[in-house]
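Take a look at the structure set out below.
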Amino acid sequence: MAKIAALGSYLYQSVLAFGLLIAVSNLLTAPDYVAYSLFVSIVQFADIACFQWLRSACTRFYPGPDGKSERAERGVIIAEFIVSAVLSLLGVVAATLFNVPLWLGLIGAVVAILQGGGELHLTMLRFRQEFRLFSWLQGARATILAATTLAGAASGGDLNHVVAGVLVGNLIYCSLACFLARRILPWSPGWDSTLVRHHLVYGGISAGASVAGVLAPLGLKSIFVSALGPAAAAGPLLALDLLQRPIGMIITSLQAVRYPELVARFDREGDTGAIQVELGRYYALLTGFSLIGAAGMTALLGGAAWAIVPSALQHSFLQTAPLIMLVALLRALIHTLLSTPAHLQRRLPAIVGLAVFDCVLTCAGALLAATLIPDDGGAIAAGAAGGAAAAAAGGTILLRRQPFVMPWRPVAMSAAALALSWLSVSWLAGNLLLSTVVALAFALALGTAPFLTLIRWIAR
């Protein structure tokens, strides 16, 4: 039940984040929303650049086989976080050289530190399998950040107030998390050169993959803004912000409850028949749930846009949203499913190579489309989708490096649910009600059985 609660906390977080983006997009002007979207992306990039290596090392080495190793790993991780936080603050100086206002750079750095520390804290709880506290804190963070960000947007209606709300929310959450987990994860910095070297090698290279991963959406946003202008780019950027989150939530939540156990079994048992079966089920979970989620989103996209997207942005949003959802789906699977064998085997160059491959092809496809068909957001989104599809096709080579036994039936049914939902929306585009009903019927008819099967695998 604790694992199901963890999945529920991710769902709750995703729903709140989705609603928050809708609210903020309605409270801000189009140029201010573009500025807010870029600020969030840059902070996310800074967080990954400074702290992702630590989270990656944590997922592979923490807590270790016994209590002694847990204390040693925790102490070193805390010390490494402190050093990384200091270095991120020094990065503000570099940001001013690119005409970034000092106050904005400082706030961005502090938010990145708080977000990085909060994510690292939750990662340590997750890999200790403290799912009860993890779930509660995950939900609390989502609630606090949504409330303070919305309060900032409502009070001033500009970028400055929204950024202030984001900062205050992170401060409140981190204070609460440290207090509630003080006995489970006591503050005890330490230093062990051997552990630091292991963390730097594995975490540093893995973080390179994460940096490449976050550069792709940042690059796409830049391409949209450059090609269409700030006002016209607001719809596609809103689609990017909204549609990446549900797919990312599905993948992240499944990883949270199944990946730690998979790593532990692989390290303990090696390449056995049981591991191959477990690995296949893990792949089926990631793929099946992602496809079912995409099918449901496809069916509801038109109605949701009519109900919640600002009227001025609806046309450009709907023009790009289906293809951006496909980009989000493909990229999520590239960075999780396709890279799993390389992570298990600690084949670090392959991890980075796949991420760079995805980033380059996705952005190159969008840039090529923007060059050939100027001022067309749909063409840019189609180019990005083509690039992501090419990266996914090339990345499947990595799956052959680690044998697995794939249960194909739930995956095939989930894929059929997405395909028929997509076709229904396309063929019946002139009738919003009919297209939504038919697409949703296909999603439910074909997605229910694999959904129940996959849920049973999680709960067992």
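Taken together, the values in this text are just the output of simple stated rules run on the coordinates, not laboratory data. In this text, all values refer to a predicted model and were calculated from it rather than measured experimentally. For neighbour counting, all protein chains shown are included, and Cβ atoms are generated from backbone atoms with ideal geometry for every residue, glycine included.
Please tell me the relative contact order of the chain in percent, rounded to the nearest whole number, where contacts are Cα pairs under 8 Å and at least six residues apart.
20
Going by Cα centres, segment 18-40 and segment 399-460 are how many Å apart?
Using only Cα atoms, the two centres lie 31 Å from each other.
In nm², what is the average projected area of the convex hull enclosing the Cα atoms of the chain?
For the chain, averaging the hull's shadow over all directions gives 20.7 nm².
Using alpha carbon centroids, what distance separates segment 177-237 and segment 336-354, in Å?
17
Ordered by residue, what ³J(HN,Hα) values in Hz, to whole numbers, does segment 321-332 give under the Karplus form 6.51 cos²θ - 1.76 cosθ + 1.60, where θ = phi - 60° and Gly and Pro are x?
4, x, 6, 5, 4, 5, 4, 4, 5, 5, 5, 4
List, in order, the whole-Hz ³J(HN,Hα) value for each residue of segment 256-263 obtained from phi through the Karplus relation with A = 6.51, B = -1.76, C = 1.60 and θ = phi - 60°; use x for Gly and Pro.
Karplus values, whole Hz, x for Gly and Pro: 4, 9, 10, 5, x, 5, 5, 4.
For H198 and L444, FRET efficiency with R0 = 51 Å and r from the beta-carbon atoms, rounded to 0.05?
Computed FRET efficiency for L444 and H198 comes out at 0.60.
By its C-alpha gyration tensor, with a ≥ b ≥ c as the square roots of the eigenvalues, how is segment 1-92 shaped: rounded for a/c under 1.5, else prolate for a/b larger than b/c, else oblate?
oblate
Over every pair of different alpha-carbon atoms in segment 1-191, take the mean of 1/r and invert it; report that Kirkwood radius in Å.
17.5
Tell me, what HN-Hα J-couplings in whole Hz come from the Karplus equation 6.51 cos²θ - 1.76 cosθ + 1.60 at θ = phi - 60° for each residue of segment 344-361, using x for Gly and Pro?
So the Karplus estimates, Gly and Pro as x, are 4, 8, 6, 8, 5, x, 5, 4, 5, x, 5, 5, 5, 4, 5, 4, 5, 5 Hz.
Restrict the search to segment 147-234; then list the trypsin sites (Lys or Arg not before Pro) that DSSP places in a loop and that have at most 16 other Cβ atoms within 10 Å of their Cβ.
Here the trypsin sites (Lys or Arg not before Pro) that fit, given the DSSP loop and packing criteria, are R182, R183.
How high is the FRET efficiency from D158 to I82, r the C-beta distance, R0 30 Å, rounded to 0.05?
It comes to 0.30.
Report the charge-dipole magnitude of the chain in Debye, nearest 20, computed about the Cα centre from +1 at each Lys and Arg Cβ and -1 at each Asp and Glu Cβ.
Value, rounded to 20: 1240 debye.
Need the C-alpha centroid separation for segment 50-64 versus segment 254-287, integer Å.
18
Which is the longest run of the chain containing none of the chymotrypsin sites (Phe, Trp or Tyr not before Pro) found in DSSP loop states (not H, G, I, E, B) with at most 16 other C-beta atoms within 10 Å?
The longest uninterrupted stretch comes out as 192-460.
Once you sort the root eigenvalues of the Cα gyration tensor of segment 229-460 as a ≥ b ≥ c, which label holds: rounded (a/c under 1.5), prolate (a/b larger than b/c) or oblate (the other case)?
Note, shape of segment 229-460 comes out oblate.
Evaluate E = 1/(1 + (r/R0)^6) for A429 and T143, where r is the Cβ-Cβ distance and R0 equals 30 Å; express this FRET efficiency to the nearest 0.05.
After rounding to 0.05, the efficiency reads 0.20.
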